[in-house]
1. Report whether or not residue 43 is modelled with pLDDT under 90 and within 26 Å of residue 100 (Cα to Cα).
2. Can you pull out every residue in the stretch 79-90 that is surrounded by 12 or more Cβ atoms within 10 Å (Cβ to Cβ) and out of contact with any helix residue (DSSP H, G or I) (no Cβ under 7 Å at 6 or more places or on another chain)?
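The values are calculated or read from the model by the stated rules, or taken from the named source; none is laboratory data. No experiment lies behind these values; they were computed from the predicted model shown. FYI the Cβ positions are ideal-geometry reconstructions off the backbone, even for glycines, and counts take in every protein chain you see.
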């Protein structure tokens, strides 16, 4: 029983499910093609990827600081943009810390292995 003026319930039919699964299959094919290219000698050094990630996190932190300073000084009244910049910086730093922790865990795991 639906309320007066409420939109009708939305259902997903078999054709929508088939279309979504086909889209996922095509994404999987793109991913495997990309993996083959990387494995074929066109690899990017891990240190470069890590350095780019650190630079992006630092840039997000600098943008958040600038947005916060501008908002606090009254030069900007965009509270939403400021909060988004702060959250992006927070997420970037958390990701960086998580990757660092995982790398340290992997290092210690290798260190504890007996030869």
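1. Details: modelled with pLDDT under 90: yes; within 26 Å of residue 100 (Cα to Cα): yes.
In short, yes.
2. So in the stretch 79-90, the residues surrounded by 12 or more Cβ atoms within 10 Å (Cβ to Cβ) come out as 81-90.
Residues satisfying the conditions are 83, 84, 87, 90.
One line per residue, one yes/no per condition, for (1) touching a helix residue (DSSP H, G or I) at 6+ places or on another chain (Cβ under 6 Å); (2) at pLDDT 90 or above; (3) not in a helix (DSSP H, G or I):
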| residue | (1), (2), (3) |
| --- | --- |
| 8 | no, no, yes |
| 21 | no, no, no |
| 25 | no, no, no |
| 33 | no, no, no |
| 57 | yes, yes, no |
| 60 | yes, yes, no |
| 67 | yes, yes, no |
| 76 | yes, yes, yes |
| 110 | no, yes, no |
